[in-house]
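Here the structure is laid out as structure tokens; the discussion comes afterwards.
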Amino acid sequence: AYALDAGHPCVVHCSDGWDRTSQLCALAQLMLDPHYRTIVGFAALVEKDWCGFGHMFATRCGLTFDSDGNSPIFLQFLDVVHQMVYQVPEAFEFDGELLVFLALQALYTGFFGSFLTNCEQERAKLNIVTDTVSVWEYVKTSMSVFLNPLYMPGVFSGSIANRLDGGAKSILIWRDVYQRDSTSVL
């Protein structure tokens with residue numbers, strides 16, 4: 001993001017193209033473009049750089065019978081976004097509740113069709129768009145639950161890359177996801 005912010009062209013490449021490419025490109029866009037730090041913009045970013053790019057949600061999230069290839073790639077992305085929201089909350093229209101909802105209810109439950117398959121072709125073949133509920137439609141109807149009261153639109157109209165600290169002391173355990181009380185209800 002720093003190189004892009006300085007006007008330098010960048011190439012992002014991953015051996016498979018599904019995992020790190022989506023992570024890095026989406027995170028860079030989130031840092032550089034305030035539109036993607038809104039709820040509608042974040043939904044568009046995930047749809048574009050994860051769903052549309054062919055991230056293998058079914059395989060990576062363990063929604064298939066074959067455990068080969070399971071890896072929490074999208075959950076890692078959400079964790080990094082959580083770190084950004086924690087460090088610069090006034091730059092994000094959404095708060096941590098949206099990220100927790102995506103991590104704990106939308107990603108692994110299979111309730112929403114958005115993250116059920118490995119690619120657009122599978123989504124079309126299984127009629128995912130017409131036969132399931134989109135996580136983003138739910139988010140839009142429940143938007144007030146996910147609004148960040150600290151959000152200051154226009155204050156961070158450009159990059160937040162220089163406001164973020166990736167040092168070990170700045171990274172927090174995402175307690176609402178990784179250390180959630182087992183008796184709590186989602």
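The values are calculated or read from the model by the stated rules, or taken from the named source; none is laboratory data. No experiment lies behind these values; they were computed from the predicted model shown. Neighbour counts are summed over all protein chains in view; Cβ atoms, including those assigned to glycine, are modelled from backbone coordinates with ideal geometry. Note: areas computed on protein heavy atoms with side chains; ligands, DNA, RNA excluded. Shrake-Rupley method; radii C 1.70, N 1.55, O 1.52, S 1.80 Å.
The criterion of at least 2 residues that are of a type outside the set (S, T, N, Q) and in contact with a Gly (Cβ under 6 Å, 6 or more places away or on another chain) is met by none of the helices (runs of 4 or more DSSP H) wholly inside region 1-72. Provide a single number: the residues in region 149-172 that are crowded, with 16+ Cβ neighbours inside 10 Å and at pLDDT 90 or above. Of the residues in that region, 5 qualify. Counting just the residues of region 126-148 that are in contact (Cβ under 8 Å) with a residue 40 or more places away in the chain and either open to solvent by 70 Å² or more (accessible area, probe 1.4 Å) or polar (S, T, N, Q) (or both), which one comes out nearest to W50 (Cα to Cα)? The qualifying residue nearest to W50 (Cα to Cα) is K140. Looking across region 26-51, just one residue is surrounded by fewer than 18 Cβ atoms within 10 Å (Cβ to Cβ), farther than 18 Å from F115 by Cβ and among the charged types (D, E, K, R), and that is D33. Would you mind stating whether F101 is under 17 Å from Y36 (Cβ atoms), free of Cβ contacts under 8 Å to residues at least 60 places away in the same chain and under 16 Å from the mean Cα position of the chain (by Cα)? No, not satisfied. Checked against (1) charged (D, E, K, R); (2) free of Cβ contacts under 8 Å to residues at least 40 places away in the same chain; (3) open to solvent by less than 90 Å² (accessible area, probe 1.4 Å), R175 passes all but condition (3).
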